[in-house]
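The values are calculated or read from the model by the stated rules, or taken from the named source; none is laboratory data. Note that the structure is predicted; figures quoted are calculated from it, not measured. Counting neighbours? That spans all protein chains shown, and the Cβs are built from the backbone with ideal geometry, glycine included.
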Amino acid sequence: MPLARVATLRLLVFAFVVVDVLGLHTSGWYHGWADPVWYEPLVMGRVLHLPAATVLLVQVLKWGCVAAALAAMTGRAPRLLGWTVAVGWVWYQYVAFSYGKVDHDRADFVVALALLPTVGLAHLDDRRRSEAAGLALRAVQLAAVATYFLSAWAKVRFGGWDWVNSATMVRAVVRRGTPWAQWLLEAPWTLHAFQWVLFTAELTSPVIFVLSERWRRRVVAAWFVFHAMTYAAITIAFWPHLVMMLAFLPLEQYAARLRTRLARREERSGAPVGSAG
């Protein structure tokens, strides 16, 4: 894969870390004030003997993630800074999920944080191809698709076929539906049909690996539309997973087009000034 694609994806990944830690508040930053009696260490915590969260630990992880991610966005010291971000962000997520539910939309993001630094130096305009880049991107793609496929498997494993044959989506809309989705309760068969569409899409998600480049882009676009509809209907979004789906796209081409457009805009805006002088 082109090194420029890895460089672009890493830039987006590190930018998301900053947005996630400071804006999305999905990481349980308040657990530093929680009574340690509520701390239930996950497997990672039991293996590494991680302590319960404290106010100091949470603040260090929070601002350490932000500082490391901003530094990593410069492209310098990609391995050192990249893995620093990975350790800090994963530990920050661990603090969040050791006091309640574990969000499954962050597994592929962990894979990206761990493997993208292994590529080493990569610039936004570096068109050289690299096996290391291909390995990292393929691993991210596999993890992203596994999120869909294993989600379908988990639905049947834990909920049985009642997940797709009962009022699962109706319950979701009743609990947290937006005005955009409330009208669907008047026609519950639409929500029942959507359950089967969702389940089928997740179950067949690995097909993306045998599609042509054009159809692969269309499938990614369709998944983005699905997630946009889900957020509009029940305000559930899989933000880190959406960033990982970008690994299927030729990001270096999009970045090059954007730089070209910005350069042309600067030239046009600067021309009148030069002629007036």
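Details
- Among the residues of region 66-78, those identified as in a helix (DSSP H, G or I) and more than 16 Å from Leu9 (Cβ to Cβ) are Val66, Ala67, Ala68, Leu70, Ala71.
- Some residue of region 140-162 being in a helix (DSSP H, G or I), at pLDDT below 95, touching a strand residue (DSSP E or B) at 6+ places or on another chain (Cβ under 9 Å) and surrounded by 13 or more Cβ atoms within 10 Å (Cβ to Cβ): no
- Scope region 55-98; condition without any contact (Cβ under 8 Å) to a residue 40 or more places away in the chain, closer than 21 Å to His31 by Cα and among the polar types (S, T, N, Q); matching residues: Gln59
- The set of residues from region 50-65 being touching a helix residue (DSSP H, G or I) at 6+ places or on another chain (Cβ under 6 Å) and assigned to a helix (DSSP H, G or I) comprises Val55, Val58, Leu61, Lys62, Gly64, Cys65.
- Residues of region 28-79 classified as loosely packed, with under 15 Cβ neighbours inside 10 Å, among the β-branched types (Val, Ile, Thr) and more than 15 Å from Val90 (Cβ to Cβ), total: 3
- Residues satisfying the stated conditions in region 115-135, i.e. crowded, with 17+ Cβ neighbours inside 10 Å and either small (Gly, Ala, Ser) or out of contact with any strand residue (DSSP E or B) (no Cβ under 8 Å at 6 or more places or on another chain) (or both): Leu115, Leu116, Pro117, Val119, Ala122, Leu124, Ser130, Ala133
- Here Ala181 meets the list (1) within 30 Å of Phe14 (Cβ to Cβ); (2) touching a residue at least 12 places away in the same chain (Cβ under 8 Å) almost entirely, failing just condition (1).
- For beta carbons closer than 7 Å, sequence separation of 6+ or different chains, a first residue in region 10-31 that is within 15 Å of Ala71 (Cβ to Cβ) and a second that is of a type in the set (Phe, Trp, Tyr), the qualifying pairs are Val17/Trp89; Val21/Tyr92.
- Looking at region 182-277, the helices (runs of 4 or more DSSP H) lying wholly inside it that each contain 2 or more residues that are exposed (fewer than 10 other Cβ atoms within 10 Å of the Cβ) and among the aliphatic types (A, V, I, L, M) sit at 251-276.
- Residues of region 3-37 that are at pLDDT below 90 and not hydroxyl-bearing (Ser, Thr, Tyr): Gly23, Leu24, His25, Gly28, Trp29, His31, Gly32, Trp33, Ala34, Asp35, Pro36, Val37.
- Within region 81-110, the set of residues being in contact with a helix residue (DSSP H, G or I) (Cβ under 7 Å, 6 or more places away or on another chain), surrounded by fewer than 19 Cβ atoms within 10 Å (Cβ to Cβ) and of a type in the set (A, V, I, L, M, F, W, C) comprises Trp83, Val90, Ala107, Val110.
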